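The values are calculated or read from the model by the stated rules, or taken from the named source; none is laboratory data. Just so it is clear, the structure is predicted and the values come from calculations on it, not from any experiment. Glycine gets a Cβ as well: all are built from the backbone with ideal geometry, and neighbour counts include every protein chain shown. For accessibility, only protein heavy atoms count, side chains too; no ligands or nucleic acids. Shrake-Rupley method; radii C 1.70, N 1.55, O 1.52, S 1.80 Å.
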Amino acid sequence: MSPSHRTQWDVVPDGVVVVTGGASGIGRALAERFAREGARAVVVADLSEAAAQTVAAGLDCTQAMGIGLDVTDGVAVDSATERIEAELGAITLWCSNAGVALGDGLGGDDDWERSWHVHVQAHIHVARSVLPRMSGRGRGHLMITASAAGLLTNMDSAPYSVTKHGAVALAEWLAIRHGDAGIGVSCLCPQGVRTPMTDRPDSGSATRAAGGFLEPPDVADAVVAALTESRFLILPHPEVAEYERRRAVDRDRWLTGMRRMWAKISG
Ligand SMILES: NC(=O)c1ccc[n+]([C@@H]2O[C@H](COP(=O)([O-])OP(=O)(O)OC[C@H]3O[C@@H](n4cnc5c(N)ncnc54)[C@H](O)[C@@H]3O)[C@@H](O)[C@H]2O)c1
């Protein structure tokens, strides 16, 4: 089949799928869903090798692997790519999903540095490592998990919001520069999802005020639908499209509305 006749979904059946941040929350739901959808191999990559292996052990697929990987370490990302391709075959889908919720308000320098490395630099490491391989084969897909905070804003944390905007911008750049090489790129931008990241008493007031929390399997449903329809932007909360439109049409009006909401939830 020529690349133009494929849908992005073709990377899943019989494919080799990698999910970073796969030991928890959204990443775990993605790994479980891709295993059930017929991926030949699913690799769960996370900071904790033990946690990744526990999730991998429960996957319903022919081959599952759990690996310890710090996605901010470019050398480690490249070694993981080498190892996975040597042991399991060509990677067809990489979900660059690991994330951290750091920084209250403007945050500290450490919050900015860590958020930058996990939310932007990590995707660059993956792109450098896997996209040339995928281009060479004319087959492959990179999905970057950003956030609705990367399209709109997250009023609680500037480091989170700004670095997620960076993740969206990078995903768009990659889609433009690599989209004609038989490679798919997509960007997942959920609002609130009930995961360990948000299931804490100190998790953001703005995230909780946005309401409409989804469960991780709902996000996996949205990812499967978007891959099937070859869509770049994946919005598990469809209302985010309308919020983004309003922001683009009248930025001052949007900012006034956001200030009003912040006054309500922080007052
Ligand atoms: N939960 C939400 O409401 C929500 C909303 C929008 C976007 N997101 C994004 O979705 C993604 C998944 O978040 P989640 O809610 O499932 O959170 P989670 O905390 O349940 O899972 C995040 C996983 O990423 C891993 N991780 C963190 N830093 C890492 C690193 N340097 N290397 C490897 N793994 C690392 C963690 O160990 C954890 O297992 C994140 O990128 C997050 O920013 C979450």
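Could you give the size of the charge dipole of the chain about its Cα centre, using +1 on the Cβ of each K and R and -1 on the Cβ of each D and E, expressed in debye and rounded to the nearest 20?
Values: 25 positive and 32 negative charges, 152 e Å.
About 740 debye.
Residue by residue, what Karplus-based ³J(HN,Hα) values in Hz, rounded to whole numbers, does segment 88-103 have, using 6.51, -1.76 and 1.60 with θ = phi - 60° and x for Gly and Pro?
10, x, 4, 6, 9, 9, 10, 9, 8, 10, 4, x, 9, 10, 10, x
Considering only protein heavy atoms and a 1.4 Å probe, what is the carbon-and-sulfur percentage of the accessible area of segment 3-239?
51
Could you derive backbone 3J(HN,Hα) for segment 141-148 from the dihedral phi with the Karplus parameters 6.51, -1.76 and 1.60 (θ = phi - 60°), listing whole Hz in sequence and x where the residue is Gly or Pro?
After applying 6.51 cos²θ - 1.76 cosθ + 1.60, I find 9, 10, 10, 9, 8, 9, 4, 4 Hz.
Residue by residue through segment 231-245, which ³J(HN,Hα) values in whole Hz follow from phi under the Karplus form 6.51 cos²θ - 1.76 cosθ + 1.60 (θ = phi - 60°), with glycine and proline marked x?
9, 6, 8, 10, 10, x, 9, x, 4, 4, 4, 5, 4, 5, 4
Compute the Rg to Rh ratio over segment 99-232 from the alpha carbon atoms, using the Kirkwood formula for Rh, and round to two decimal places.
Result: Rg/Rh = 0.99.
Taking the Cα atoms of segment 123-177, what is the range of coordinates along each of the three principal axes, in descending order and whole Å?
Largest first, segment 123-177 extends 42, 17, 14 Å along its Cα principal axes.
Considering amide H positions built from the backbone, and no H for Pro or chain starts, which residues 5 or more places from G140, or on another chain, come under 5 Å of its amide H?
Here the answer is G184, since their amide H atoms fall under 5 Å of that of G140.
How big is segment 221-267 in terms of Cα radius of gyration and Dmax, in angstroms?
That works out to 14.6, 44 Å for Rg and Dmax.
Anyone know which of G138, G15, G66 comes out most mobile in the 10 Å Cα GNM of the chain?
G138
Starting from the exponent 0.38 and prefactor 2.2 Å, build the expected Rg for the chain from its residue count and divide its actual Cα Rg by it.
Numbers: Rg = 17.9 Å, N = 267, 2.2 N^0.38 = 18.4 Å.
Rounded to two decimals, the normalised Rg is 0.98.
Could you give the nm distance between label points at D110 and D250, where each point is 7 Å from its Cα heading toward the beta carbon?
Label at D110, label at D250, 4.4 nm between them.
Would you work out which of T54, M143, A169 lies farthest towards the positive end of the dipole of the chain? Charges go on Cβ: Lys and Arg +1, Asp and Glu -1.
A169
Taking a ≥ b ≥ c as the square roots of the eigenvalues of the Cα gyration tensor of segment 41-102, is the shape rounded (a/c under 1.5), prolate (a/b larger than b/c) or oblate?
Verdict is oblate for segment 41-102.
Assuming 0.36 nm per residue, please report the length gained on full extension of the stretch E87 to E242 beyond their Cα-Cα distance.
Values: separation 155, 0.36 × 155 = 55.80 nm, distance 4.42 nm.
Extending this stretch completely gives an extra 51.4 nm.
Size of the dipole of segment 10-169 about the Cα centre, Lys and Arg at +1 and Asp and Glu at -1 on the beta carbon, nothing else charged, in debye to 20?
Using only the charged Cβ atoms, the result is roughly 580 debye.
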